[in-house]
Structures are given as structure tokens and as C-alpha cells.
1. Report yes if residue 100 is assigned to a helix (DSSP H, G or I) and over 20 Å from residue 10 (Cβ atoms), otherwise no.
2. If you go through the range 36-54 one residue at a time, do you hit one that is in contact (Cβ under 8 Å) with a residue 24 or more places away in the chain and not assigned by TED's automatic domain parsing to the domain that holds residue 7?
3. Return yes when residue 113 is within 20 Å of residue 14 (Cα to Cα), surrounded by fewer than 18 Cβ atoms within 10 Å (Cβ to Cβ) and not assigned by TED's automatic domain parsing to the domain that holds residue 14 and no when it is not.
């Protein structure tokens, strides 16, 4: 799935409705400036989702985490059920499939919430 700058701005406006949008975007834009910082809009959306879930006043802590390893932020935001289950959970194949489906649905629901 491809994400756009417009999606990031719209979600930033929703998550940080009481903040200056340009300031929030400047904080988010601290991620994605280095060549190794991949998937800019996808990671920024994950940062926004996590910031909303934790009721943070700023996305900077997750921006910092993404700069260390963007895969962590993606996993926390996009795959919470699978992360909770862990690799050694002994989850049966049906349980693993349900976790994947649950994660996909919850992320799509969040992305499309207005």
C-alpha cells in the first residue's frame, strides 16, 4: 500500500487537533531525511497512530524511535496483535491468521477514520 503526504497531514490534523499543524509536521519531518530512513509516509502514519494511542502531546518520542529502527515503529503500529503474541507464543495457525486479520482490520479502520 502506498501512502501520501496528504494522508499524513490529514491524520496529523486529527491526532493533534489542538496543536499547530505546521509544528506537528515539522516534528514528523525529522524522520525521513536520511537515506536509510525508508517509507517516509508509512512510518509517519505509524508514528501518528502510536502517538494517538498513547495520548502523547507530540510525536517526537516515536520519531526518535523510528530514527533508530523504523521497523519497530511499523511493527508496534501495524501488527500489535502479532507483536503481543510473539514468535514463541505457540499460537496455532488459525490463531496466527486471526491475529493477522485483526491487525489488518484495526489499521485500516484507523486509517479511514475521520
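1. So residue 100 fits the description; yes.
2. No, the conditions are met nowhere in the range 36-54.
3. Values: within 20 Å of residue 14 (Cα to Cα): yes; surrounded by fewer than 18 Cβ atoms within 10 Å (Cβ to Cβ): yes; not assigned by TED's automatic domain parsing to the domain that holds residue 14: yes.
It is true that residue 113 is within 20 Å of residue 14 (Cα to Cα), surrounded by fewer than 18 Cβ atoms within 10 Å (Cβ to Cβ) and not assigned by TED's automatic domain parsing to the domain that holds residue 14.
The values are calculated or read from the model by the stated rules, or taken from the named source; none is laboratory data. Bear in mind the structure is a predicted one, so any value in this text is a computation, not a measurement. A quick note on method: Cβ atoms are made from the backbone with ideal geometry, for glycine too, and the neighbour counts reach across all protein chains shown.
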